[in-house]
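One structure below.
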Amino acid sequence: MPVRLKVRGITASECRKKADSFLKEHQRFSSIPVDIEKIAELDLGLDIVPVPGLRIDDQTVSWLASNLESIWVDAEVYERWEVRYRFSLAHEIAHIILHEDIYRSIELNSTKEWKDFIFQANAYDYWCMERQANQMAGFLLVPPGELVPRFRAVAARAKKSGLDLATCPDVAVDYVAAELSADFNVSHQAMVIRIREDRLL
């Protein structure tokens, strides 16, 4: 029988507050783009372990050890795919912020143990954990307080060039996301999600 996980419900508002509080605690690395790697290594003392073939062989980009002391990440992503690597670190740090008690209650010290955990866990509970971690990662890398003024500036320039955000929302979100994703050093998709989450259009 699948193992139930004690995943607490968390609203987007709570997630924002937790992310904001976390970034204030690590303010020296929180200028844009947030230096999530330095937060992980220097402030949290996490060991980042590149693993060849993790993404292809084990169908994951990263996982967090249950002692909350190391993040295992696909070596190719680590070396060549910066925005995906940064999001993976933010995602695992989000698990520390949101799910520390769950992680400490299980044994995750190898990729095999991580895979066993995935297969044994209740699917809905695990989905909730991942969804929460993804949302928190977005807030960590694209803080609302930094996104809003930058969005308004880009939107104003877009309007001057003839792009009406109100009448062309899909085109507008792509246009703005393309410019802002470079500022925050995140993927275009991650920026689109953040813009829509904050209902900025």
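Just to be sure I understand: with springs between alpha-carbon atoms less than 10 Å apart, which residue in Ile48, Ile106, Ile36 has the highest mean-square fluctuation in the Gaussian network model of the chain?
Top of the fluctuation ranking is Ile106.
Across the chain, how many lysine pairs, 8 or more apart or on two chains, come within less than 29 Å at their alpha-carbon atoms?
So the count of such lysine pairs works out to 11.
Quick one: which residues, 5 or more positions from Ser70 or on another chain, have an amide H under 5 Å from its amide H? H modelled 1.01 Å from N in the peptide plane, none for Pro or chain starts.
Asp47, Ala65
Show that you can apply the helix-only estimate: for the chain, add -39,500 (n - 2.57) for every DSSP H stretch of four or more residues, divide by all residues, and state [θ] at 222 nm to the nearest 500.
Taken over the chain, the calculation gives -19000 deg cm²/dmol.
Each label point is 7 Å from the Cα along the Cα-to-Cβ direction; what then is the distance between the points at Trp127 and Arg28, in nm?
It is 4.2 nm.
Could you tell me which of His95, Leu54, Ile118 has its Cα farthest along the dipole of the stretch 12-141 towards the positive end, charges placed at Cβ (Lys, Arg +1; Asp, Glu -1), taken about the Cα centre?
Among His95, Leu54, Ile118, the one farthest towards the positive end of the dipole of the stretch 12-141 is His95.
Restricting attention to the alpha-carbon atoms of the stretch 1-118, what are Rg (one decimal) and Dmax (integer), both in Å?
14.6, 46
Principal axes first, then extents: for the Cα atoms of the chain, list largest minus smallest coordinate on each axis, whole Å, largest first.
56, 34, 34
Please give the charge dipole size of the chain, origin at the Cα centre, charges +1 on K and R Cβ atoms and -1 on D and E Cβ atoms. Round to the nearest 20 debye.
860 debye
Read the figures in this text as sums done on the coordinates, not as results from a lab. What you are looking at is a predicted structure, and each value in this text was computed from that prediction instead of being measured. Glycine also receives a Cβ, built like all others from the backbone with ideal geometry; neighbour counts cover every protein chain displayed.
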